[in-house]
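Below is one structure, written out as structure tokens; comments come after it.
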Amino acid sequence: MSASASPVGATTARAFDPRAISAAAQSPNLWQLAWRRLLSDKVAVIAMCIVIAFILMSVLSAFGVYTKDWNREVGNNYAPPTFAPGDLSSSDAPPVVVTAASQTGDASALPYTFTTGVKDPLEAEMREIYGALGRVKSSAASAQSSPPGVTSSVVDPLAEDIIAIKKELGRPLDSGLPAAQFRGPVSSVKDPLEDDVIAINKELGRSVAGVAAVAGVMSVAAASEAKIVRAATLPLGGDKWGRDVLKKVIKGSETSILVGFAAAIIATIVGTVLGALAGYFGGWIDDLLNWFYSIFSSVPYLLLILAIAAVLNQKGVFTIIMILGLTGWSSIFRLVRAEYMKHKSREYVQAATAIGASDMRKMFVHIFPNISHVALVQLSLHVVLFIKSEVILSFLGFGVGVDTVSWGSMLNESQSELILGKWWQLTAATVFMAIVVTAFSLFTDALRDALDPKLK
Amino acid sequence: MSAYLVRRLWQMFPTLLGVILFIFIIFNMVGGDPAYVLAGKISSPEQIANIRKELGVDQPYYVQLWIFIKQVFTFNFGASWSTNELVSDLFKTRVPPTLMVAIPLLVIDTVLALVLALTVAYYRASLTDRAVMIACTVAQAVSILVYIIVGQYFFAYKLGWFEVQGWGNSYFENQFKYALLPILIGVAVSLAPSIRLYRTFALDEINQDYVRTARAKGMSETRTMLTHVLRNAGIPVITNVLVQLPGLMVGIFLIERFFSIPGIGREAILAVERSDFPVIKAVTIYVAIATMVFNLLADLLYKVVDPRVQLK
């Protein structure tokens with residue numbers, strides 16, 4: 001570390017000699033050298049390209065390109081991925097596209113209509129239920145020769161929603177979002193009937209299973225999917241509600257990458273400033289900050305985050321960034337402090353003192369450029385760490401809220417899907433996360449080697 | 001040695017006080033009046049009034065802090081807000097299952113990772129080494145959640161080799177029936193980072209002069225690696241394992257949750273979900289104390305296994 005820092009230090013110290021200035025202008029500085037070393041490492045270049053591609057994707061996604069309507073139900077429930085549509089013909093998979101024309105000639109989508117023009121708050125749910133019924137019916141029809149066990153294997157598509165809603169209702173009343181916001185379509189309408197709607201929902205959900213048993217004789221639901229033409233397959237499949245997994249996973253990348261970077265930047269700034277103060281001044285400031293450090297480092301990290309999440313009791317991207325950023329600075333503090341202790345007695349700092357530079361100027365203008373590579377590597381390391389933490393927190397339900405999607409919440413959904421044999425959401429979230437984290441880890445290793453060639 | 005011990009214990013004191021203060025600030029000052037949290041859980045107003053009195057909510061902060069400090073040192077956190085179980089009883093029953101998973105996990109992981117790391121370090125810079133290192137990087141990039149979800153689904157649900165979840169009453173039933181898959185999944189998760197870390201320890205030793213001397217005097221490669229290199233590379237490994245232990249206790253909380261193992265980690269998550277503050281406070285404080293004690297033990301053990309180390 002000392003060797004890599006010396007070129008800049010030496011230049012600063014020799015800055016009074018005109019010949020030295022011209023020499024310094026010709027020879028490459030630390031960053032140019034590091035950049036060259038980085039470019040000569042093939043793995044690093046590939047990893048860097050992948051990371052940049054993902055960051056670009058996240059930025060585009062944040063501006064609403066392609067993923068704006070990730071929350072819309074565009075496909076059949078559990079639509080299989082296009083590249084593996086094998087499940088389409090088997091057991092309980094839905095038929096290709098259910099349209100009004102092909103079923104009956106019925107004009108109305110739902111078997112009832114409102115004459116007043118009031119938007120039916122249950123419309124989406126009704127569609128879903130009737131959609132499920134329609135599917136049950138048609139699968140029963142298509143498998144008429146097969147044993148009657150086929151219909152009974154149909155799983156209540158709303159069962160998990162009911163559990164989720166119940167869970168939401170079970171929470172203390174002052175907690176975050178109203179229960180009805182759990183489902184996309186209803187959320188925009190904040191009506192006083194919300195609770196009733198949920199109760200009705202629950203009832204309806206329960207009855208679906210019963211109705212499904214006699215689906216063979218049902219004819220009402222035939223025209224259910226009339227207006228919404230749902231795709232049979234989606235690029236990476238669909239989730240329980242027929243949302244596009246590809247859009248979800250890109251949106252999830254946006255959330256996770258944003259949280260990772262923002263939290264890592266906060267943690268690096270906090271850790272660097274505190275480390276600089278402790279290392280440069282020493283004395284009681286050092287003792288005090290070291291005390292803080294020992295407190296933060298003796299509580300295991302995830303436990304600390306969970307404890308804070310329990311007290312704050314509010315979800316959201318901003319909250320989780322602040323929690324991760326403000327608790328994760330301790331290892332950065334330790335390293336930066338050690339660097340400042342080493343550098344503060346160097347000749348170039350003494351020279352700066354001699355020409356009357358202030359403490360702040362010495363700390364952040366003179367010393368900081370010489371230790372910035374340590375901070376940069378730590379920043380990069382912490383991005384990976386925080387992405388992983390965010391995934392776990394969101395999985396447990398303490399991370400991002402229900403109105404956003406992250407890899408963690410996708411993994412949470414996929415847990416129950418897997419038992420039904422719907423592997424695509426799990427695979428999509430896993431592969432995306434593995435690519436980003438692997439690329440970032442390899443890039444971090446290469447960055448450290450490039451900035452500090454003595455380590456290798 | 002004893003002077004060192006006394007000094008270290010003395011140094012632990014301000015840190016412990018700091019942790020207590022930190023937890024106190026979070027729960028009593030940021031968290032606010034527990035009556036708000038309790039309103040949704042406990043229906044009888046007398047009980048809420050009782051809890052408020054126990055915590056001294058209406059008294060000045062320094063009184064509340066003193067109550068909290070007394071709680072920490074007398075192991076008396078009162079009853080859980082959700083289940084009404086005494087927090088001390090909760091610890092007594094929840095810690096053994098956690099250890100039944102954590103200790104075998106740690107032992108298997110350490111032995112396996114050490115063997116693999118020595119092998120990889122021996123063939124350093126070769127294709128094998130590079131391939132294993134890249135495999136480790138990729139394995140580390142897959143979330144622990146995926147290991148658990150897929151492992152549980154595939155080995156327990158699909159193949160039926162293990163129990164999907166559950167916990168019995170006898171030790172043998174638990175250890176060899178229910179804890180088996182959780183331990184194996186835990187090993188699979190922790191193997192990659194352990195190999196990477198232990199490989200660097202082994203590489204530090206493998207280039208030392210004494211290794212060259214051992215080879216020069218005609219010692220076999222196996223003996224060089226297993227007696228000379230392993231002994232020296234093992235020193236940081238031992239301390240690392242000891243330092244890891246309290247973190248691991250929390251680290252397996254996800255495993256405990258998925259497999260319904262009634263351990264301390266699952267209890268901590270449940271407590272966070274239910275806003276059960278006494279349990280969260282107790283778990284945080286005691287795990288922090290365990291971390292400090294294990295750090296001290298690690299330093300002392302360092303001295304025992306390596307007489308060259310000078311304790312300052």
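What's the FRET efficiency of residue B:158 with residue A:338 using the Cβ-Cβ distance as r and R₀ = 60 Å, to the nearest 0.05?
0.75
Report the dimensions of region A:318-456 along its three principal axes from the alpha-carbon atoms, largest first, rounded to Å.
For region A:318-456, the Cα extents along the three principal axes come out at 73, 34, 18 Å.
Over the Cα atoms of region B:201-312, what is the Rg over Rh ratio if Rh follows Kirkwood? Spell out each step's value before the answer.
Working: Rg = 20.5 Å, Rh = 17.0 Å.
When Rh is taken as the Kirkwood radius, the ratio is 1.20.
If contacts are Cα pairs under 8 angstrom and at least 6 residues apart, what is the relative contact order of chain B in percent?
On the way: 284 pairs, mean separation 74.3, N = 312.
Result for chain B is 24 percent.
Kindly provide the helix-only [θ] at 222 nm of chain B, computed as the sum of -39,500 (n - 2.57) over DSSP H runs of four or more divided by all residues, to the nearest 500 deg cm²/dmol?
Numbers: 13 runs with 215 residues, N = 312.
Theoretical 222 nm ellipticity from helices: -23000 deg cm²/dmol.
What angle, in degrees between 0 and 90 and rounded to the nearest 10, separates the Cα long axis of helix B:61-74 from the longest principal axis of the Cα atoms of chain B?
That works out to roughly 60 degrees.
Please list, ordered by chain and number, the residues whose modelled amide H lies under 5 Å from the amide H of residue B:86; skip anything fewer than 5 residues away on the same chain.
Placed amide hydrogens put B:80 under 5 Å from residue B:86.
Mind checking the log10 I(q)/I(0) for region B:224-278 at q = 0.16, 0.20, 0.24, 0.28 Å⁻¹? Debye, one equal scatterer per Cα, no solvent, two decimals.
Here log10 of I(q) over I(0) equals -0.61, -0.73, -0.87, -1.00.
Take every Cα pair under 8 Å in region B:142-300 that's 6+ residues apart, average their separations, divide by the length, and report that relative contact order as a whole percent. Don't skip to the end; give the middle numbers.
Working: 117 pairs, mean separation 34.4, N = 159.
RCO, region B:142-300: 22 percent.
When the dipole is taken about the Cα centre of chain B, and only Lys, Arg (+1) and Asp, Glu (-1) are charged at their Cβ, what size is it in debye, to the nearest 20?
Working: 26 positive and 20 negative charges, 191 e Å.
Using Cβ point charges on Lys, Arg, Asp and Glu, chain B gives about 920 debye.
With labels modelled as points extended 7 Å from the Cα through the Cβ direction, what inter-label distance (nm, one decimal) is found for residue B:215 paired with residue A:403?
In this crude label model, residue B:215 to residue A:403 measures out at 6.4 nm.
When the convex hull of the C-alpha atoms of region B:133-210 is computed, what volume per residue in Å³ does it have? Mind dumping the intermediate values first?
Values: hull volume 9.2 nm³, N = 78.
Cα-based convex hull of region B:133-210, divided per residue, equals 118 Å³.
Using all alpha carbons of region B:114-168, what is the percent of pairwise distances in each 5 Å bin, ordered from the shortest bin to the longest?
4, 17, 15, 14, 13, 14, 13, 7, 3, 1
Based on other C-beta atoms within 10 Å, arrange B:136, A:49 from fewest to most.
On the way: B:136 20, A:49 12.
With the sparsest Cβ surroundings first, the list reads A:49, B:136.
Given the alpha-carbon gyration tensor of chain B, what are the semi-axes of its equivalent ellipsoid in whole angstrom, ordered largest first, with each equal to the square root of 5 times an eigenvalue? Intermediate results must be reported in sequence, preceding the final value.
Details: eigenvalues 371, 146, 45 Å².
Values for chain B, descending: 43, 27, 15 Å.
Can you tell me which of B:254-263, A:416-425, B:73-82 comes out highest on packing, and rank the rest after it, using the mean Cβ neighbours within 10 Å? Don't skip to the end; give the middle numbers.
On the way: B:254-263: 22.4, A:416-425: 18.0, B:73-82: 15.7.
In descending order of packing, they fall as B:254-263, A:416-425, B:73-82.
Average partner chain C-beta neighbours within 10 Å, per residue of B:291-303? Numbers along the way, then the final one.
Details: counts 5, 3, 0, 0, 3, 0, 0, 0, 0, 0, 0, 0, 0.
Rounded to a whole number, the mean comes out at 1.
Show me A:277-290, A:27-40, B:214-227 ranked by packing, highest mean number of other Cβ atoms within 10 Å first. Could the numbers behind the result be given before it?
On the way: A:277-290: 16.2, A:27-40: 14.2, B:214-227: 12.4.
Answer by packing, highest mean first, reads A:277-290, A:27-40, B:214-227.
Given the C-alpha atoms of region B:56-124, compute the convex hull and give its volume per residue in Å³. Can you show the working numbers first?
Numbers: hull volume 11.4 nm³, N = 69.
About 165 Å³ per residue, rounded to a whole number.
Where nothing but the Cβ of Lys and Arg (+1) and of Asp and Glu (-1) is charged, how large is the charge dipole of region A:255-366 around its Cα centre, in debye to the nearest 20? Spell out each step's value before the answer.
Working: 8 positive and 5 negative charges, 28 e Å.
For region A:255-366, the charge dipole is close to 140 debye.
Within 10 Å of each Cβ in B:268-276, how many Cβ atoms from other chains are there, averaged over the peptide?
Details: counts 5, 5, 0, 3, 12, 7, 4, 6, 1.
Neighbouring Cβ atoms belonging to other protein chains average 5 per residue here.
What are the ³J(HN,Hα) values, in whole Hz, obtained from phi via the Karplus relation 6.51 cos²θ - 1.76 cosθ + 1.60 with θ = phi - 60°, for each residue of region B:162-173 in sequence order, with x given for Gly and Pro?
Each residue's phi maps through the Karplus curve to give 10, 6, 5, 6, x, 7, x, 10, 8, 4, 5, 4 Hz.
Based on Cβ point charges of +1 for Lys and Arg and -1 for Asp and Glu, what charge dipole magnitude is obtained for region B:218-301 about its Cα centre, in debye rounded to the nearest 20? Working shown, then result.
On the way: 6 positive and 6 negative charges, 17 e Å.
The calculation lands at about 80 debye.
Can you give the translational diffusion coefficient of region A:405-448 in µm²/s, computed by Stokes-Einstein from the Kirkwood radius over Cα pairs at 4 °C and 1.567 mPa s? All intermediate terms of the calculation are to be shown ahead of the outcome.
Values: Rh = 11.4 Å.
Calculated translational D: 113 µm²/s.
Using 5 Å bins from zero, what percent of all Cα-Cα pairs in region B:267-306 falls into each bin?
6, 23, 17, 14, 11, 9, 9, 7, 3, 0
I need the calculated FRET efficiency for the pair residue B:29 and residue B:165, taking r as the beta carbon distance and R₀ as 35 Å, to the nearest 0.05.
Details: r = 39 Å, r/R0 = 1.11.
For residue B:29 and residue B:165, the calculated efficiency is 0.35.
Assuming R0 = 35 Å, what is the FRET efficiency of residue A:360 and residue A:322, from their Cβ-Cβ distance, to the nearest 0.05? Walk me through the intermediate numbers first.
On the way: r = 26 Å, r/R0 = 0.75.
Efficiency, rounded to the nearest 0.05: 0.85.
Find the relative contact order for region A:252-340 and round it to a whole percent, using C-alpha pairs within less than 8 Å whose residues are 6+ positions apart.
56 percent
Starting from the Cα gyration tensor of region A:364-415, take the square roots of the eigenvalues, sort them a ≥ b ≥ c, and report rounded, prolate or oblate (rounded when a/c is under 1.5, otherwise prolate if a/b is larger than b/c, else oblate). Don't skip to the answer; put the middle values down first.
On the way: a/c = 5.27, a/b = 3.50, b/c = 1.51.
Here region A:364-415 falls in the prolate category.
Averaged over its residues, how many other protein chain Cβ atoms are within 10 Å of peptide A:429-442's Cβ atoms?
Values: counts 3, 8, 2, 0, 5, 8, 2, 1, 6, 7, 2, 1, 5, 5.
Average neighbour count from other chains, rounded to a whole number: 4.
Throughout, read-outs are computed from the coordinates displayed, never taken from laboratory work. Quick caveat: nothing in here was measured; it's all calculated off a predicted structure. In this analysis, Cβ positions are derived from the backbone assuming ideal geometry, glycine residues included, and neighbour counts consider all displayed protein chains.
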